[in-house]
Amino acid sequence: MNEADAKKRITRLVAEIEDHRHAYYTQDDPKLSDEAYDSLVHELESLEAQFPQLKDANSPTQRVGAAPLKAFVSVAHSRPMLSLQDISSDADLEAWTKRTAKLLPPDYRPKYHVDIKMDGLACALVYEDGQLVRGVTRGDGKIGEDVTSNVRTIANVPLKLRKKVAGTVEVRGEILLYKADFEKLNQARVKQGLPEFMNPRNTAAGTVRQLDPKLVAARPLRFHAYSVYSNQPTKTIHDEYELARELGFAVNRQNKVASSSKEIMEFVEHWAQKRQELPFNTDGLVIKIDDRRVFEDLGSVGKTPRGAVAFKYPPEEATTKLKDIIISIGRTGAATPIALLEPVRIAGTTVQHASLHNADEIERKDIRIGDTVVVHKAGDIIPQVVGVLANLRDGSEKQFDMAKELQNHPLKFERLPNEAVWRTKDRQDPHILARNIEHFCSKSALDIEGMGEKNADALVAAKLVSDQADLFKLKASDLLTLDRFADISANKLVDAVANSKEPSLPRFLYGLGIRHVGTQTAIDLSEHFGSLNKLQETSFDELAEIEGVGEVVAHSILEWFADENNQQLLEKFEKQGVKPKTTKKVHGPLEGKAFVVTGTLSSMQREEAAEKIRALGGTFQTSVGKGTHYLVTGEGTGQNKLDAAEKFGTKKLDEDEFVKLVS
Ligand code: IVH
């Protein structure tokens, strides 16, 4: 970037950042996530470093701290509310355990208490002779704001302790807004024509600092405890959590005691994958030396205790430039617009592509080529463009017209009246064909090892296959004409194909890629019809009778079998000797019972749970409906599923009850 361009960009960034600071600090109503905000500040910092002459004394990079609100009475904390030193890697953790070990007796083997770091706001609750007398925000750690009348409205804050403890008890913890409650709140706001809130934490913080307790009471805040100070001696942090529970407080169920950094890292990695499933947001874990005496004796440096650290997960949101929009065509022929991004690090990986969903979404968010966009990436989920910073536009941005782009595409696309997606019916297109072949060979379908994306592309490009049935004609000598194959890999693939000539009917049906026919529907169809021939001859009425097959699914199945190309495909399979095996209906104690599993189960993966249910004759569904008998609730069960269960009278089972039922 040249100096003139940098100057323009800096001016825009400064104005944008100032706006967000105002919204955040003064109005308690940010329009941007902290992570995206930080990303903008980083961009400004790096431009200022590159062009020091352009740095202004009033730049937001030169500011520290925020203007406090004057509305509440200030209260001194009984003991400082400390913060935690952040760490973010295995090496950091190792360095911390070594550093603390040096301060402890040489033969002392510390245990560590690990808990989820909740993304809310810290609060201290003071009880005198068992009665809640004060609630104080963290403030600057020494002095906070008295928000007693507000915390009294929080439903799970005990106004009276459940267990008698003489004298003063102080319980510290996090005030939270659960993700599901936050979403409901926003849905209600949209209905009332009010602007949506940015995120649960800021909404919780803004709520606690509301001057009208009635308004606070109307927002479903919660309090989760993590510290107790009282006359009641507790040896370990673990005991302290138990005490908090006995006193009547909610504490995270996820906390555990670890004996080594290896165990801590296992916990870190587990929650890095699963943290989306928690009911509240988290950006890391809190690790403390479990022995309270040792913890206290280690003391603190500045504002952070030596005996604890926060393991922070990498941010899941950043801002970057959208360089272009391309169209990707999937297995079903759906055209998806994809954002090409200026590479940016998010959640530990470099992101260059993000999904834009569909044309309506681009229009609704007014996303233009050249825009600065906010990109979100969580876990294994495909990165998404969540918004645009329109104020940062310089006039060079271009609008994207999906319909027009598709007109210039060699394939023909159509958009059905009620659908957001443009789709092509062209099955012969090499890219679509390769995706269908890949799907046919995938784990839940015929499970043919060695037929991933690249091999499927190569086989189609070399015209060795023109449909799924051609796979069964392949010879090792054909494959050896391609660079990708050597003797061993070619023979392996040919063998793998040959070994799947008698797939189970459900796998085969699923592999055909009929729209709306997932693994469970394929099982239902297979059980009902018993053979491919019977299914081919079915009628709409018969299909619609099957539990789990709705109108849309029925139409889709009929349409697929009515298609001449598909009929030819089935004939080709037959000629190649491919014979789907009928699976017998499983009779068992769960026959006629439909299950939905939600959240995380600690003892098994969801697919394993599905297999167990099916092995006992039950069916496994993905959403709760009127035919669902049981909702198995794992860790982090979503409110929507619970609401649906309530509505349809579905029985809820926790993990223990479920495990008992299937074993
Ligand atoms: S223990 C010495 N446990 O994280 C501080 N804190 O930087 C000990 N937080 O603002 C705090 N979840 O409010 C602890 N499970 C948890 C927590 C947690 C969130 C917050 C806390 C504080 C910050 C610490």
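The values are calculated or read from the model by the stated rules, or taken from the named source; none is laboratory data. Keep in mind it's a predicted model, so treat the numbers as computed, not measured. Every residue, glycine as well, gets a Cβ built from its backbone with ideal geometry; the counts of neighbours run over all protein chains shown. Ligands, DNA and RNA are stripped out before the accessible areas are found, and what is left, the full protein with its side chains, is counted by its heavy atoms. Shrake-Rupley method; radii C 1.70, N 1.55, O 1.52, S 1.80 Å.
Details
- You will find that of Gln254, Gln276, the residue that is under 30 Å from Lys184 (Cβ atoms) and more than 16 Å from the ligand (Cβ to nearest atom) is Gln276 and no other.
- Test: Gln639 is under 30 Å from Asn281 (Cα atoms), in contact with a Pro (Cβ under 9 Å, 6 or more places away or on another chain) and not hydroxyl-bearing (Ser, Thr, Tyr): yes
- Of all the criteria given as (1) within 16 Å of the ligand (Cβ to nearest atom); (2) open to solvent by less than 20 Å² (accessible area, probe 1.4 Å); (3) under 30 Å from the mean Cα position of the chain (by Cα), the one not satisfied by Ile325 is (1).
- Pairs linking a residue in the stretch 513-540 that is free of Cβ contacts under 8 Å to residues at least 60 places away in the same chain and more than 17 Å from Thr619 (Cβ to Cβ) to a residue that is of a type in the set (Asp, Glu) and open to solvent by 20 Å² or more (accessible area, probe 1.4 Å), with Cβ atoms under 9 Å and 6 or more positions apart or on different chains, are Ile514/Glu559; Phe540/Glu551.
- Residue match in the stretch 16-33 (condition: surrounded by 15 or more Cβ atoms within 10 Å (Cβ to Cβ) and free of Cβ contacts under 8 Å to residues at least 12 places away in the same chain): yes
- Taken as a whole, the condition of being without any contact (Cβ under 8 Å) to a residue 12 or more places away in the chain, more than 14 Å from Asp115 (Cβ to Cβ) and either more than 16 Å from the ligand (Cβ to nearest atom) or surrounded by fewer than 17 Cβ atoms within 10 Å (Cβ to Cβ) (or both) does not apply to Leu247.
- Residue satisfying all of: in the stretch 77-95; among the polar types (S, T, N, Q) and within 10 Å of the ligand (Cβ to nearest atom); surrounded by the fewest Cβ atoms within 10 Å (Cβ to Cβ) among these: Ser83
- One residue stands out among those in the stretch 120-162 that are crowded, with 21+ Cβ neighbours inside 10 Å and assigned to a loop (DSSP other than H, G, I, E, B): the one that is nearest to the ligand (Cβ to nearest atom), which is Gly120.
- Yes/no for Ala318 being of a type in the set (Gly, Ala, Ser), within 30 Å of Thr203 (Cα to Cα) and away from the ligand (no atom under 14 Å from the Cβ): yes
- Some residue of the stretch 385-398 being closer than 24 Å to Trp422 by Cα, charged (D, E, K, R) and more than 16 Å from the ligand (Cβ to nearest atom): yes
- Hits in the stretch 165-210 - residues which are away from the ligand (no atom under 16 Å from the Cβ), assigned to a loop (DSSP other than H, G, I, E, B) and touching a helix residue (DSSP H, G or I) at 6+ places or on another chain (Cβ under 9 Å): Val165, Leu194, Pro195, Glu196, Phe197, Met198, Gln210
- Taking the criterion of being open to solvent by less than 30 Å² (accessible area, probe 1.4 Å) and hydroxyl-bearing (Ser, Thr, Tyr), the residues of the stretch 36-60 that qualify are Ser39, Ser59.
- In the stretch 99-119, the qualifying residues are those that are within 16 Å of the ligand (Cβ to nearest atom) and of a type in the set (Asp, Glu), and the one that is least open to solvent (accessible area, probe 1.4 Å) is Asp115.
- Filtered residues of the stretch 367-393 (kept if charged (D, E, K, R), modelled with pLDDT under 95 and either open to solvent by 40 Å² or more (accessible area, probe 1.4 Å) or over 16 Å from Ala339 (Cα atoms) (or both)): Asp380
- Some residue of the stretch 553-562 being open to solvent by less than 60 Å² (accessible area, probe 1.4 Å), over 38 Å from the mean Cα position of the chain (by Cα) and more than 24 Å from Ala610 (Cβ to Cβ): no
- Residues within the stretch 114-136 that are of a type outside the set (A, V, I, L, M, F, W, C) and closer than 17 Å to Pro200 by Cβ, tallied: 3
- When the stretch 289-319 is filtered for residues that are of a type in the set (Gly, Ala, Ser) and buried (at least 17 other Cβ atoms within 10 Å of the Cβ), the ones remaining, listed by number, are Gly307, Ala308, Ala310, Ala318.
- Which numbered condition Ser396 misses (of (1) within 30 Å of Gln428 (Cβ to Cβ); (2) open to solvent by 30 Å² or more (accessible area, probe 1.4 Å); (3) small (Gly, Ala, Ser)): (1)
- Pairing residues of the stretch 217-228 that are within 11 Å of the ligand (Cβ to nearest atom) with residues that are at pLDDT 95 or above and aromatic (Phe, Trp, Tyr), at Cβ distances under 6 Å and at least 6 apart in sequence or on separate chains, gives Ala225/Phe249.
- Annotation note: Cβ proximity below 8 Å between a residue of the stretch 297-313 that is under 20 Å from Ala91 (Cβ atoms) and within 11 Å of the ligand (Cβ to nearest atom) and a residue that is in a loop (DSSP other than H, G, I, E, B) and hydroxyl-bearing (Ser, Thr, Tyr) (sequence gap 6+ or interchain) occurs for Thr304/Ser83; Lys312/Ser88.
- The single condition from (1) touching an Asp or Glu at 6+ places or on another chain (Cβ under 9 Å); (2) farther than 30 Å from Phe182 by Cβ that Tyr226 fails is (2).
- Scanning the stretch 533-552 for residues that are open to solvent by less than 30 Å² (accessible area, probe 1.4 Å) and of a type outside the set (Val, Ile, Thr) yields Leu535, Leu543.
- Verdict on Val624 being surrounded by 14 or more Cβ atoms within 10 Å (Cβ to Cβ), without any contact (Cβ under 8 Å) to a residue 60 or more places away in the chain, on the phi < 0 side of the Ramachandran plot and of a type outside the set (S, T, N, Q): yes
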